[in-house]
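Data block below; observations after.
The numbers here are math on the coordinates, done by the rules we state, and not lab data. None of the values given here were measured: they were computed from a predicted structure. Every residue, glycine as well, gets a Cβ built from its backbone with ideal geometry; the counts of neighbours run over all protein chains shown.
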Amino acid sequence: KAAGMYGGAGFAGYMVLLFLSLAAMFGLANVMDDGWAALIIAALWAVAAAVLYQKGRAKMRTVSPKPEHTVQTLKEDAEWARHPTK
């Protein structure tokens with residue numbers, strides 16, 4: 001149930017952004033050509049996407065893909081299996 005709620009919240013958030021973008025586009029269309037208004041809003045979204053991509057990429061570079069804790073636990077388990085305590 002909780003995952004469905006998260007999915008619904010994500011979809012609702014997407015719809016909010018969609019309609020806010022449309023409102024901004026139509027607002028700009030009152031003072032300029034419709035095509036330019038749409039292009040400006042799309043450019044703003046492109047900048048937001050590029051910034052988020054760069055931040056995510058920088059964060060991923062600091063994270064080790066190797067699960068250090070799991071590797072250590074497996075080594076301890078193997079050592080225990082070789083020399084079990086009674």
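Going residue by residue through segment 54-64, is there one that turns out to be of a type in the set (S, T, N, Q) and either surrounded by 10 or more Cβ atoms within 10 Å (Cβ to Cβ) or in contact (Cβ under 8 Å) with a residue 40 or more places away in the chain (or both)? Within segment 54-64, one or more residues are of a type in the set (S, T, N, Q) and either surrounded by 10 or more Cβ atoms within 10 Å (Cβ to Cβ) or in contact (Cβ under 8 Å) with a residue 40 or more places away in the chain (or both). Looking across segment 65-80, the residues that are surrounded by 10 or more Cβ atoms within 10 Å (Cβ to Cβ) and among the polar types (S, T, N, Q) come down to Q72, T73.
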